[in-house]
Amino acid sequence: MDTVTIGIVVFPGSNCDHDTEFAAASFSKTTTRMLWHKEHDLQGSDVVILPGGFSYGDYLRAGSIAKFSPIMQEVVTFARKGRPVLGICNGFQVLLECGLLEGALSRNRDKKFICRHMHVKVENNRTMFTSLYNENEVLSLPVAHGEGNYYAPEKTIDSLEEHEQVVFRYSDAEGHVTEEANLNGSVSAIAGISNREKNVLGLMPHPERASETLLGSSDGSKMFEGLIEHVLG
């Protein structure tokens, strides 16, 4: 394989689709495809990304309508074959709604929209998405969400911890996980999780908005680079 084709799903209400396309296309050996929600064709994608935004206006519940889009039938099949799927912010919400990841996201603890850079600690660097990071490395990644408060029953959290599915946690600049650093109130300060097979990752912070220094941080770039390297083998 000489190039990696990255498919970016576009729902009505997506507003980070072209940001994600720009970031993905900025790396060598990549091509991008915009995948309209009504289609059943992943256009030969090697990686699928569900971008941030407000799919279907976040009516009923964030991500709850998007899971019924025709394209999601293909994404679920793709993921269950072990292929890479990344859900960012609203994309994370969609992955939870369609059952590819466990848990749910509710209103932020203070019931306010959070839009700022936050510190995020890499809990697991043994995934295709995080292989270029150091374990416990602290990243500066922007968040922009009103429903980023991750929740799951204690039994599910225990299982996520046991199988090393917690990939990112909110922390302070030194990597300490504190209540003050966990602005949205997520249980166990969870910022991102994977499925047990580690080919599906959902996270609330936006790596595409931290893909070059001009944006205030380039800490998200290694996520794309690591994923591309994994696919190229």
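Suppose we keep just the DSSP beta bridges with both residues in region 4-232; what percent of those would be antiparallel, to 5?
Approximately 55 percent, going by the DSSP bridge assignments.
To the nearest 20 debye, what charge dipole does the chain have about its Cα centre, counting +1 at the Cβ of each Lys and Arg and -1 at the Cβ of each Asp and Glu?
Dipole of the chain, to the nearest 20 debye: 520 debye.
Top to bottom by accessible area (1.4 Å), largest first, where do Tyr133, Tyr151, Tyr56 land?
Largest accessible area first, the list is Tyr151, Tyr56, Tyr133.
Please list Val138, Val48 from largest to smallest accessible area, probe radius 1.4 Å, with all protein chains kept in place.
Largest accessible area first, the list is Val138, Val48.
So between Glu229 and Ala173, what do we pick up on full extension, going 0.36 nm a residue minus the alpha carbon distance?
Using 0.36 nm per residue and subtracting the Cα-Cα distance, I get 17.3 nm.
Calculate for the chain the 222 nm mean residue ellipticity that helices alone would give, adding -39,500 (n - 2.57) per DSSP H run of length 4 or more and normalising by residue count, nearest 500 deg cm²/dmol.
Theoretical 222 nm ellipticity from helices: -6000 deg cm²/dmol.
Leaving out ligands, DNA and RNA but keeping every protein chain, what accessible area does Lys198 have, in Å² rounded to the nearest 10, with a 1.4 Å probe?
Spelled out: Lys198, probe radius 1.4 Å, area about 40 Å².
Using a 1.4 Å probe and ignoring any ligands, DNA or RNA, find the accessible area of Arg109 and quote it in Å² to the nearest 10.
About 90 Å², rounded to the nearest 10.
Which distance in nm do the two modelled labels at Arg196 and Ser159 give, with both placed 7 Å along the Cα-to-Cβ direction?
0.7
Let a ≥ b ≥ c be the square roots of the eigenvalues of the Cα gyration tensor of the chain; is it rounded (a/c under 1.5), or, if not, prolate (a/b larger than b/c) or oblate?
It is rounded, given that a/c, with a ≥ b ≥ c, falls under 1.5.
Considering only protein heavy atoms, what is the solvent-accessible area of His176 at a probe of 1.4 Å, reported in Å² to the nearest 10?
Its heavy atoms expose roughly 110 Å² to the probe.
Per-residue HN-Hα couplings for region 191-201, Karplus 6.51 cos²θ - 1.76 cosθ + 1.60 at θ = phi - 60°, whole Hz, x for Gly and Pro?
10, x, 9, 10, 7, 5, 7, 6, 9, 10, 10
Let me know the longest stretch in the chain that avoids all GluC sites (Glu not before Pro) found in a DSSP loop with at most 13 other C-beta atoms within 10 Å.
1-134
Which order do you get for Met34, Met128, Met118 if you rank them by accessible area with a 1.4 Å probe, largest at the top?
The ordering from most to least exposed comes out as Met34, Met128, Met118.
The values are calculated or read from the model by the stated rules, or taken from the named source; none is laboratory data. This structure is a prediction, so every number in the text was calculated from the model and none was measured. Cβ sites come from the backbone with ideal geometry, for glycine too, and all protein chains shown count toward neighbours. Heads up: the accessible areas ignore ligands, DNA and RNA and are worked out on the full protein's heavy atoms, side chains in. Shrake-Rupley method; radii C 1.70, N 1.55, O 1.52, S 1.80 Å.
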